[in-house]
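All of the numbers you see were taken from the coordinates with simple rules; none came from a lab. Source: prediction; values computed, not measured. Don't worry about glycine lacking a Cβ; one is built from the backbone with ideal geometry, like all the others, and counts go over all protein chains shown.
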Amino acid sequence: MADIIHIFQTKYYYLVVIFLMMIGLYATISSRNLIKKVIGINIFQISVFLFYIAMSKVKHGTAPILWDKSHVYDNPLPHVLILTAIVVSVSTTAVALALIINIHKEYGTIEEDMILEKQKLDIDRSNTA
């Protein structure tokens with residue numbers, strides 16, 4: 001039991017990552033509003049970014065700059081990959097929000113239930129015509 005408490009005290013960022021991941025997953029699954037779903041996906045992505053960066057930290061490591069006083073360096077590759085992932089995340093969010101704007105123009109709402117209901121009415125009208 002003491003080992004588990006010690007792990008949580010020294011690696012508390014895992015709990016933060018799990019907490020953020022569950023918030024993002026819950027927001028994505030439970031919400032019927034499309035903008036809230038996009039926000040939930042963004043929170044989930046941020047938790048993955050934090051996890052990846054936390055895993056790449058080396059104890060007593062410094063920035064990978066040649067320096068006489070340091071012999072242990074952090075690997076810069078995970079940080080570069082996360083910067084790329086952040087750019088992709090922002091781009092995906094922009095496309096998702098643009099799609100939501102078009103959906104709002106077409107259906108007059110961003111609530112998933114109302115959109116599905118209006119689609120069903122449109123299909124029924126086209127079948128009777």
Between residue 95 and residue 33, take the C-beta separation as r, use R0 = 25 Å, and let me know the FRET efficiency to the nearest 0.05.
0.90
Positive-pole candidate from 85, 72, 1, dipole of the chain, charges at beta carbon:
72
Put +1 on the Cβ of every Lys and Arg and -1 on every Asp and Glu Cβ in segment 2-128; which of 61, 26, 114 then has its Cα farthest towards the positive end of the dipole?
61
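DSSP loop chymotrypsin sites (Phe, Trp or Tyr not before Pro) in segment 28-79 with at most 16 other Cβ atoms within 10 Å of their Cβ, which ones? Before the final figure, lay out each step's value.
Working: sites: 44, 49, 51, 52, 67, 73; in loops: 67.
In loop regions of segment 28-79 (DSSP not H, G, I, E or B), the sparsely surrounded chymotrypsin sites (Phe, Trp or Tyr not before Pro) are 67.
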To the nearest 20 debye, the chain has a Cα-centred charge dipole, built from +1 on Lys and Arg Cβ and -1 on Asp and Glu Cβ, of 220
Place a label point 7 angstrom from the Cα of residue 55 along the Cα-to-Cβ direction, then list the residues of segment 9-25 whose backbone nitrogen is under 15 Å away.
13-15, 17-18, 21
Residue 27: net charge of surrounding residues, Cβ under 9 Å, Lys/Arg +1, Asp/Glu -1, itself excluded?
+2
Equivalent-ellipsoid semi-axes (√(5λ), Cα gyration tensor) for segment 2-128, whole Å, largest first?
44, 19, 8
